[in-house]
Amino acid sequence: MDDAIEKEIQEKGLTAPRITPDDIENAVLATQYYVFPGTMLTVCCITLKNGFNVVGESACASPDNFDQEVGEKIANRNARDKIWALEGYLLKQRLFHKAVIEGDPVGEVPEQTDLVDESEKGAS
């Protein structure tokens, strides 16, 4: 996440449970990079502390612009974006579980009738 966004969140006092950049960093155990021979494809494999692997990639269109260090940074950012999504899901699942146990409506799932399939909107 962008440092400016994190700063804005803190300045606005948005204190509800959320994922922070530190949470993402603390989830990471190891990071490995690989550039496939004869290509400009850089892959970043981040191993999380729970053993799950997340992969990000970067592909350069022009050989004149290929820079392995830049490719690694982009691939790492792409992998970390996936970690944000995974950690967000995990947090929401924990909040939902807590709400169900405590009877707190904050974590309730919308009724199925409230969920509209976008493809069905114009069908009627």
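No lab work stands behind these numbers, since they all come straight from the coordinates. Because the structure is predicted, anything quoted here is derived from the model rather than measured.
Cross-link check: pairs Lys49/Lys92; Lys73/Lys98; Lys49/Lys82 evaluated at a Cα-Cα cut-off of 25 Å; pairs beyond the cut-off: Lys73/Lys98. Our coupling estimate for segment 81-92, obtained by passing each phi through the Karplus curve with A = 6.51, B = -1.76, C = 1.60 and θ = phi - 60°, is 4, 5, 5, 4, 5, 5, 5, x, 4, 4, 4, 4 Hz, Gly and Pro reported as x. When you restrict to C-alpha pairs under 8 Å that are six or more residues apart and normalise by the size of segment 27-103, the relative contact order lands at 24 percent.
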